[in-house]
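Student: Handing you a structure now.
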Amino acid sequence: MKRIQYHRYGGPETMQLEDFALRAPGKGEVAVKVAFAAINPIDWKVRNGHLKMVTGKTFPRAFGSDFSGTVIAVGPGVTRFKAGDAVFGSARIKDSGAIGEAVIAPETFIAKKPAVVSFEEAACLGTPGVTAWNGLVDKVEVKAGDHVFINGCTGAVGESAVQIARLFGASVSGATSTEQMQRAEQMGVHPVLDYRTTNLSKIKERFDAVYDTAGTMTVATGLGLLRKDGVFLDLNPSLGKFIRALFNRQLKPIVCTARADILDGLAEAAGEGRFRLPIAEVVPLTEAIPQVIALERGRKISGKAVVAMQ
Ligand SMILES: NC(=O)c1ccc[n+]([C@@H]2O[C@H](COP(=O)([O-])OP(=O)(O)OC[C@H]3O[C@@H](n4cnc5c(N)ncnc54)[C@H](OP(=O)(O)O)[C@@H]3O)[C@@H](O)[C@H]2O)c1
């Protein structure tokens, strides 16, 4: 089987499409034949070594987080899945390996793919959906009547956050680029602000939650936009912010943390047609590396880039 691997932390030049042998799934793990994988910024951040405290020093390391596919084997103690199930979700960051013909994931990081959701679409939902849920549901407990501001509202995490906030009955305002403002309005974001021409620290409205899914706001700006008891969700966490958050309950740094109930919630919403991410481009595995490099260098596409394994 083939997957994208690298033999040291570093830039795009470290990625190679290589043969590998899939290990047997361990306790609580599932082996999946990948149908499609989605590309996320976290993938190149891991490869660059930004998370090496978590990802360690063992090489080669496999590349990619989010996938859809079919279960081929389950490890000891797995109760939620059996061989043949159609699933979607994420690999553990420490293992990665979604951009390849097969991958191992914890059973708590995947869900059954609803029949009405295609494998292409399902591959996109894991990391963005879980990250949005961690902020709005786990930290904010968003509810009907809340007013939420999503910075970067047409990015993958941003669009997931818009849909999850609306799923729970909140109204959503947000900021995006000029090119994406119309799409944001169609998603139900109102008003939509242009991030190039708006100074967020000057807007008058105050919110129950501000989610900086673009990772471009200062903590001062985020906190300044809150109503009393509002929460600023910061997707650009650092040790300093975690320490600051100990003393300020309105600041919540977010680290994507999957759980079975989140994946099942996302699957249910996707099955009802209330959670999906647009697909901009699909490439075969043989063209995945140039696609990752283009996105890493800042090429803009209007939706997710997906890799097809067949
Ligand atoms: N902490 C965690 O656990 C975690 C988890 C997931 C993601 N992340 C991080 O979150 C970020 C977003 O991920 P993603 O997958 O959603 O990426 P994405 O799909 O590329 O979305 C980024 C969005 O931010 C918008 N944007 C860029 N500059 C902006 C600005 N100055 N103000 C407002 N919006 C701006 C972009 O708009 P245009 O493209 O239209 O310019 C785009 O819609 C990445 O840095 C990723 O690494 C962190």
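Student: Tally time: how many residues in region 226-264 are acidic (Asp, Glu), without any contact (Cβ under 8 Å) to a residue 40 or more places away in the chain and surrounded by fewer than 18 Cβ atoms within 10 Å (Cβ to Cβ)?
Tutor: 2
Student: Okay, moving on. List every residue pair whose Cβ atoms sit under 6 Å apart, with the two residues 6 or more apart in sequence or on different chains, where the first one lies in region 292-310 and is on the phi < 0 side of the Ramachandran plot and the second, anywhere, is aromatic (Phe, Trp, Tyr).
Tutor: Final answer for the pair search is 296/44; 306/36; 308/36.
Student: Okay, moving on. Looking at 154, 108 in this structure, which one is within 13 Å of the ligand (Cβ to nearest atom) and over 13 Å from residue 209 (Cα atoms)?
Tutor: Numbers: 108 fails: within 13 Å of the ligand (Cβ to nearest atom).
Just a single option satisfies the conditions, and that option is 154.
Student: Give region 157-186 a look and list any residue that's more than 14 Å from the ligand (Cβ to nearest atom) and crowded, with 21+ Cβ neighbours inside 10 Å, or say none.
Tutor: Passing the criteria: 165, 170, 172.
Student: Please go through region 138-151 and give me each residue that is away from the ligand (no atom under 15 Å from the Cβ), under 20 Å from residue 261 (Cβ atoms) and either out of contact with any helix residue (DSSP H, G or I) (no Cβ under 6 Å at 6 or more places or on another chain) or free of Cβ contacts under 8 Å to residues at least 24 places away in the same chain (or both), ordered by number.
Tutor: Listed by number, the residues that qualify are 140, 141, 143.
Student: Would you say residue 195 is within 12 Å of the ligand (Cβ to nearest atom), of a type in the set (Phe, Trp, Tyr), at pLDDT 95 or above and within 23 Å of residue 267 (Cα to Cα)? Explain how you work it out, then say what you get.
Tutor: Values: within 12 Å of the ligand (Cβ to nearest atom): yes; of a type in the set (Phe, Trp, Tyr): yes; at pLDDT 95 or above: yes; within 23 Å of residue 267 (Cα to Cα): no.
When the stated conditions are applied, residue 195 does not pass them.
Student: Quick check: is even one residue across region 78-94 assigned to a loop (DSSP other than H, G, I, E, B), crowded, with 23+ Cβ neighbours inside 10 Å and under 15 Å from the mean Cα position of the chain (by Cα)?
Tutor: There is at least one residue in region 78-94 that is assigned to a loop (DSSP other than H, G, I, E, B), crowded, with 23+ Cβ neighbours inside 10 Å and under 15 Å from the mean Cα position of the chain (by Cα).
Student: For region 245-275, give me the residue count where each residue is among the charged types (D, E, K, R) and within 16 Å of the ligand (Cβ to nearest atom).
Tutor: Number of matching residues: 2.
Student: So for region 112-121 (the condition being surrounded by 24 or more Cβ atoms within 10 Å (Cβ to Cβ) and out of contact with any His (no Cβ under 8 Å at 6 or more places or on another chain)), does at least one residue qualify?
Tutor: Taking every residue of region 112-121 in turn, at least one turns out to be surrounded by 24 or more Cβ atoms within 10 Å (Cβ to Cβ) and out of contact with any His (no Cβ under 8 Å at 6 or more places or on another chain).
Student: Here is a follow-up. Kindly indicate the residue of region 144-169 that is out of contact with any strand residue (DSSP E or B) (no Cβ under 9 Å at 6 or more places or on another chain) and not in a helix (DSSP H, G or I) and also farthest from residue 272 (Cα to Cα) among those meeting that condition.
Tutor: Residue satisfying both the conditions and the ranking: 144.
Student: Hey, does region 268-281 have a residue that's within 26 Å of residue 204 (Cα to Cα), exposed (fewer than 14 other Cβ atoms within 10 Å of the Cβ) and not assigned by TED's automatic domain parsing to the domain that holds residue 89?
Tutor: No, region 268-281 contains no residue that is within 26 Å of residue 204 (Cα to Cα), exposed (fewer than 14 other Cβ atoms within 10 Å of the Cβ) and not assigned by TED's automatic domain parsing to the domain that holds residue 89.
Student: With respect to residue 305, determine if the residue is in contact with a strand residue (DSSP E or B) (Cβ under 7 Å, 6 or more places away or on another chain) and either in a strand (DSSP E or B) or surrounded by 14 or more Cβ atoms within 10 Å (Cβ to Cβ) (or both).
Tutor: Criteria met by residue 305.
Student: Just the residues that are more than 15 Å from the ligand (Cβ to nearest atom) and of a type in the set (Val, Ile, Thr), please, taken from region 199-244.
Tutor: Passing the criteria: 231, 243.
The values are calculated or read from the model by the stated rules, or taken from the named source; none is laboratory data. Predicted model only: the values in this text are computed from it and were never measured. Glycine also receives a Cβ, built like all others from the backbone with ideal geometry; neighbour counts cover every protein chain displayed.
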